[in-house]
Each structure stands twice: as structure tokens, then as C-alpha cells.
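A short worksheet on the structure shown next.
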Amino acid sequence: MPEYKLVISGNRELMGETHVSGGKNTSLAVVPAALLAESPCQLDNLPDIADMRVLVRILRHLGAKIDWKPDQKVMLADASSLTDTTVPFALSQRMRASYYFMGALLGRYGYARVGYPGGCDLGSRPIDQHLKGFRALGADIREEGGMIVLEGKLKGANVNFDMVTVGGTINVMLAAARAEGDTLMTNCAREPHIVDTANFLNRIGAHIRGAGTDTIRIRGVSRLGGAAYAVIPDQIETGTLMIAAAATRGDVTIRGCIPTHMEALTAKLLEMGVMVTSEDDVIGVKIKQGHRSIRLSTQEYPGFPTDLQQPMSALLTRAVGTSEVIENIFESRFKHLDEMRKMGAKAVINGRVAHIEGVPELHGAPVYAPDLRGGAALVIAGLMAQGTTEIYNPENIARGYEHLESKLNALGAQIRREPCQPEYNGDAVRV
Ligand code: EPZ
């Protein structure tokens with residue numbers, strides 16, 4: 001039951017400095033990876049987001065001892081003596097990244113029983129490539145009462161993915177880290193958080209080479225120990241903040257980021273006429289005049305990230321000219337455009353292609369956050385719009401952004417939470 005809505009007073013420029021939190025998608029991989037360690041791990045720079053809280057509930061359900069101080073971003077994870085190898089559907093369906101418990105538990109115990117994953121509704125999101133990799137490593141996989149049961153003593157193997165999959169690459173890496181013998185993974189995804197997860201695994205004693213390229217080689221080891229590790233900053237939060245600065249015609253400095261992870265977005269912003277500068281772990285974004293329309297095609301890393309397609313489309317609603325957005329990764333990732341139309345945006349969707357015709361301005365309206373990045377896109381649209389925008393179902397945004405409202409308010413935005421009246425909370429309206 002949604003408890004609150006976001007109320008945004010728009011047409012305010014973002015100005016000043018902000019700081020990027022630890023990565024959501026990297027944390028959702030590294031924390032389950034800690035289950036492979038037989039000694040305690042200290043994980044740092046973890047973001048305080050809703051998905052992390054679900055992750056901690058799963059870890060505790062499995063018997064791991066977790067001491068997590070969200071405000072201090074540090075977690076002590078002790079998986080030395082787990083008591084369960086089942087992740088119930090009630091927890092697995094709360095997020096997409098619950099699938100990582102398949103690789104971690106199978107890799108450590110030779111057995112895992114996990115409910116199907118949940119996550120943003122972006123079209124069908126099968127996990128056939130994950131299962132293909134586990135079978136290649138020698139796992140028997142069956143479905144029992146809606147749960148996926150994976151069993152087998154894993155041996156190194158060759159795994160070639162039929163398509164590039166971030167989750168599949170990480171999941172098979174988790175399973176192969178403690179398999180007997182060598183594993184060669186080809187056609188792998190290359191996202192920064194794959195490198196981060198491999199670096200963590202190597203820190204606890206794994207032998208993984210090639211993460212960040214399309215070919216990963218793993219020499220299985222029989223035991224993994226504890227270690228201290230800090231996850232990388234969030235690539236998608238960095239991009240969301242960059243886009244928000246440009247969309248509000250502001251002047252923002254973003255600290256604690258990794259500019260080389262942002263090259264595809266930076267190139268597109270420069271193409272639009274946005275001024276982007278970068279040095280060490282700092283990116284500056286400002287804009288003086290209007291911005292031009294572009295053609296945007298989402299690709300696997302290092303191409304333009306699909307997770308920034310939705311925030312970027314908010315910026316495109318006010319570009320000079322008509323932009324073309326092609327979503328190559330997911331079947332259905334334009335629901336936010338239906339909401340932006342209520343704010344005066346002009347967008348035509350045809351399957352995986354959207355054409356967004358720039359308009360002089362947007363106006364505030366009540367809108368619904370369809371998913372995590374679509375919700376962030378609506379926040380940006382609300383910041384741009386004349387008047388007040390109400391965003392319902394904002395819990396979707398809290399799943400993946402740490403304190404986004406307070407970061408934006410510190411830059412001059414006016415975003416507040418208001419209780420959600422029962423009749424607005426999305427349930428059938430009682431008459
Ligand atoms: C991860 O999702 C991220 N989620 C997504 O971020 C991100 O959009 C995506 O990678 C691409 O970068 C997490 O890391 C928790 P994929 P994932 O496997 O692993 C198809 C966000 O907003 N596919 O690379 O699900 C799949 O349907 C979220 O933070 C198969 O067909 O992405 C999709 O069309 C949203 N079979 C495409 O491949 C499989 O076995 C890419 O999926 C696996 C995937």
C-alpha cells in the first residue's frame with residue numbers, strides 16, 4: 001500500500017555540488033557473492049536503498065549474520081555457518097537480483113532452491129541464460145512447486161551466452177568461482193559492476209581473469225575466505241544527476257563518481273550542446289542555451305545504458321527538434337512516456353522506438369511511477385515543469401536511489417513527501 005506521494009514544485013535550476021552513492025546493481029551482486037566466503041566480510045560504500053533491505057532479509061533468512069549500519073554504508077556479513085539454502089518466493093519476487101542466490105548457493109553448497117525473481121516490469125525477463133550456464137557447470141535444474149531447484153557438484157566448463165546478459169554473466173561467475181577446474185565464459189557482458197564483483201571475488205581468494213571484456217576465465221578454488229571491500233560508485237545515479245542538471249538548465253558538480261563509466265552519456269550530452277567537464281572523480285554539468293535533439297540507441301556497456309534511457313527521455317521532451325530513442329535491451333521500457341504526455345510531452349511510441357518532439361515547456365500534473373528509472377525520469381520532468389507535479393507510487397524510486405529527494409533539494413529543488421489519500425493509493429476505489 002503506497003503511503004506517500006512526491007510533490008515537486010518545478011521550474012527550478014539545480015545548482016551546486018552533490019555526491020554519488022555506492023552502486024545499487026554492484027551491491028546487489030557483491031552482497032550475495034559474500035555468501036561464497038567461509039569467513040566474515042566487511043563491505044563498504046553500500047547504498048541505503050529498499051532493494052538492499054530486501055537483500056539483508058534474504059541473507060538473514062539463510063542464517064548469515066549481518067550487521068548493517070545503512071547510515072554508515074558499511075556491512076559485516078558472516079556467512080561462515082548458513083542454516084538454509086532456500087530463498088522463499090515471498091522474498092525472491094521482491095527484486096530482480098534475488099537470482100544471484102542461485103549462483104552463490106549452488107557454487108558454495110551444490111544446492112539452491114530459489115523462487116522466481118521479481119524486479120521492474122520491462123517486458124519478459126527470462127533467466128534461461130543463467131540456467132544454461134549452471135547446466136554447463138554440471139547442475140541439474142528442476143522446478144518444484146514454482147521454485148527453481150539447482151543441484152550438483154560443479155565442474156569447470158565452457159559457457160557461451162546466446163545473448164549478452166549482465167545478470168547471467170555475474171551469476172555464472174558466482175557459481176564457477178568454487179567449481180572444480182577451469183571455466184571459460186564467452187560473449188559476456190562488460191558492465192562496470194561485473195568488474196567490481198570479480199574484483200571482490202578475487203579479494204576473497206577467487207581466480208577470475210578478463211572481467212570487463214567479453215571473455216572471462218575462472219580457475220575454481222575449493223575455499224573462499226573473508227575480506228574488506230568497498231563497492232564502486234553508482235554509474236546510473238551519476239548519469240541521472242547529470243541529466244537532471246542539464247534538464248533544469250543548471251550548473252552542478254558531481255563528486256565521488258567514475259567519469260570513464262559515463263562516456264556514452266557524456267558523448268550524447270555534448271552532442272546536445274550540454275557542457276560536461278570531468279577530472280579525477282568529479283564531473284561538472286552545465287548548460288547555457290537550449291539543447292538539441294538526438295538519436296539515442298541503448299546498447300550493452302560501453303554503449304548507452306538502457307537504465308539511462310528513461311531519465312534521458314525527460315531531457316529530450318524539451319530539446320529543439322524531434323529525437324529518436326531506440327530501446328534495444330528491453331521489450332517494454334517506455335511506460336514513463338505515457339505519464340509525461342500528461343505533462344505536455346509529445347511522444348509517439350512504436351514498439352522499441354519512440355519519437356519525442358521537443359516542446360517549449362512541460363506543465364505539472366499527477367503522474368504514476370511505473371518502475372525505478374521511469375520514476376526517476378518523472379522526477380526530472382517534474383523539476384523541469386511549470387507548476388506542481390505529484391508522483392504516485394514513488395516507492396519504486398526508493399528501491400534504487402539513495403536519498404534522491406534530499407540530494408536534489410540540496411541543489412535547489414523543491415520536493416516533499418505528502419501522505420497519500422486512501423482513494424489515490426492505487427487500490428480499487430471504494431464507493
Ligand atoms: C541488469 O538486469 C540490471 N539489474 C538492470 O538494471 C539493467 O537494466 C540490465 O542489467 C542491463 O544493463 C540488476 O543488475 C539487478 P540482462 P538483468 O540479463 O540482469 C534478456 C535498474 O534499473 N535476457 O542484461 O535482468 C533480458 O530479458 C535495472 O537498475 C534473456 O533473454 O539484465 C533483457 O531483455 C533495470 N535471458 C536482456 O537480456 C536471460 O537469461 C538484458 O538482460 C537473461 C537476460
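Values as computed for the structure displayed
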| read-out | value |
| --- | --- |
| Residue count, the range 293-312 (criterion: more than 17 Å from LEU270 (Cβ to Cβ) and in contact with a strand residue (DSSP E or B) (Cβ under 6 Å, 6 or more places away or on another chain)) | 3 |
| Pair list, Cβ < 6 Å and 6+ apart or interchain, from the range 405-419 residues that are touching a residue at least 12 places away in the same chain (Cβ under 8 Å) to residues that are small (Gly, Ala, Ser) | LEU411/GLY16; GLN414/SER9 |
| Checklist (1) within 16 Å of the ligand (Cβ to nearest atom); (2) part of a strand (DSSP E or B); (3) not polar (S, T, N, Q) applied to VAL195, failing item | (2) |
| Subset of the range 311-347 [open to solvent by 20 Å² or more (accessible area, probe 1.4 Å) and in a loop (DSSP other than H, G, I, E, B)] | ARG318, GLY321, ASN328, ILE329, PHE330, GLU331, SER332, LYS342, GLY344 |
| Check on ARG190, at negative phi, within 13 Å of the ligand (Cβ to nearest atom) and part of a loop (DSSP other than H, G, I, E, B) | yes |
| Members of the range 79-105 that are without any contact (Cβ under 8 Å) to a residue 60 or more places away in the chain and within 16 Å of the ligand (Cβ to nearest atom) | VAL87, LEU91, SER92, GLN93, ARG94, SER98 |
| Of residues in the range 214-247 being β-branched (Val, Ile, Thr), more than 20 Å from the chain's Cα centre (by Cα) and open to solvent by 10 Å² or more (accessible area, probe 1.4 Å), the one nearest to the ligand (Cβ to nearest atom) | THR215 |
| Wholly within the range 257-310, strands (runs of 3 or more DSSP E) carrying at least 1 residues that are of a type in the set (Asp, Glu) and out of contact with any Ser or Thr (no Cβ under 9 Å at 6 or more places or on another chain) | 275-279 |
| Those residues of the range 254-270 which are of a type in the set (A, V, I, L, M, F, W, C) and either open to solvent by 80 Å² or more (accessible area, probe 1.4 Å) or closer than 20 Å to ILE356 by Cβ (or both), in sequence order | ALA264, LEU265, ALA267, LEU269, LEU270 |
| Hits in the range 348-374 - residues which are within 16 Å of the ligand (Cβ to nearest atom) and open to solvent by 60 Å² or more (accessible area, probe 1.4 Å) | ARG352 |
| Residue list for the range 348-382, restricted to those being more than 26 Å from ILE329 (Cβ to Cβ) and not in a loop (DSSP other than H, G, I, E, B) | HIS363, PRO366 |
| Of the criteria (1) more than 16 Å from the ligand (Cβ to nearest atom); (2) open to solvent by 10 Å² or more (accessible area, probe 1.4 Å); (3) touching an Asp or Glu at 6+ places or on another chain (Cβ under 6 Å), which one ALA157 fails | (3) |
| Of residues in the range 106-128 being open to solvent by less than 10 Å² (accessible area, probe 1.4 Å) and within 22 Å of the chain's Cα centre (by Cα), the one nearest to the ligand (Cβ to nearest atom) | LEU122 |
| Residue match in the range 28-35 (condition: buried (at least 22 other Cβ atoms within 10 Å of the Cβ), within 26 Å of LYS286 (Cα to Cα) and within 16 Å of the ligand (Cβ to nearest atom)) | no |
| Unmet criterion (only one of (1) under 24 Å from LEU150 (Cα atoms); (2) in contact with a Phe, Trp or Tyr (Cβ under 9 Å, 6 or more places away or on another chain); (3) within 16 Å of the ligand (Cβ to nearest atom)) for ALA206 | (3) |
| Options GLY284, GLY273: the member that is open to solvent by 10 Å² or more (accessible area, probe 1.4 Å) and in contact with a His (Cβ under 8 Å, 6 or more places away or on another chain) | GLY273 |
| Test: residue in the range 162-180 that is modelled with pLDDT of 95 or more, among the hydrophobic types (A, V, I, L, M, F, W, C), more than 28 Å from PHE89 (Cβ to Cβ) and away from the ligand (no atom under 16 Å from the Cβ) | no |
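Listed here are the residues, each with its yes/no results for (1) among the basic types (Lys, Arg); (2) under 22 Å from the mean Cα position of the chain (by Cα); (3) more than 29 Å from ALA245 (Cα to Cα).
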{"position": "LYS24", "(1), (2), (3)": "yes, yes, no"}
{"position": "MET52", "(1), (2), (3)": "no, yes, no"}
{"position": "LEU55", "(1), (2), (3)": "no, yes, yes"}
{"position": "LEU59", "(1), (2), (3)": "no, yes, yes"}
{"position": "ASP84", "(1), (2), (3)": "no, no, yes"}
{"position": "ARG94", "(1), (2), (3)": "yes, yes, yes"}
{"position": "SER98", "(1), (2), (3)": "no, yes, yes"}
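The values are calculated or read from the model by the stated rules, or taken from the named source; none is laboratory data. None of these values were measured; they are calculated from a predicted model. When we count neighbours, we look across all protein chains shown, and the Cβ atoms used for this are built from the backbone with ideal geometry, even at glycine. Please note that ligands, DNA and RNA were not included when accessible areas were found on the heavy atoms of the full protein model with its side chains. Shrake-Rupley method; radii C 1.70, N 1.55, O 1.52, S 1.80 Å.
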